[in-house]
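Any read-out appearing in this document is the output of simple, stated calculations on the displayed coordinates, not a laboratory observation. Owing to the predicted nature of the structure, the values given are computational and were not obtained by experimental measurement. Quick reminder, even Gly has a Cβ in these numbers, built from the backbone with ideal geometry, and neighbours come from all protein chains shown.
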Amino acid sequence: MKKKTAISLIIILITTLSIIYINHTKTKNKIKGKIIEISKDSLIIEDDKNGHYIINKEDYPFSETEVKQNDQVVITYKGEILETSPAQFKKIITIKKD
C-alpha cells in the first residue's frame, strides 16, 4: 500500500511540475524594436510594423545610461499587450539591446 501511495505522489508531482514548466515557458513573448523617444519617465519603442509601445519607468525601471534613443532592443514580456495608444505591456520581464 505504501509503495502505491509513493508512486501516485511521484506521478502527481511530475505532472504538476510539467504543467508549471509548460505554462511558464509558453507565456513569454518577445518584440524587437527601436527606441524612438526617451524621457526620464518613459520609453517609446517602434517595431518593424510601425507599432508603438510605451514603457513607463514605474512598470520597468530603466536607466538612461543603459538605453539610448535609436537603440535596437528586444522586450520580453508576459501576458497581454494593452490596447492603448501607444500600446502597453501588462508585465515586462526584460529589455535588452539587440
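Numbers for the structure displayed
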quantity: Radius 15 Å from Cβ of residue 88, net charge of other residues (Lys, Arg +1; Asp, Glu -1); calculated: -4
quantity: Crossing angle, helix 2-26 versus the chain [Cα axis fit, 0-90 degrees, rounded to tens]; calculated: 10
quantity: Long pairs among 49/78; 4/30; 4/78; 3/28; 68/91; 4/90, criterion Cα-Cα beyond 32 Å; calculated: 4/30; 4/78; 3/28; 4/90
quantity: Scaled radius of gyration (Cα, divided by 2.2 N^0.38 Å) that the chain gives; calculated: 1.56
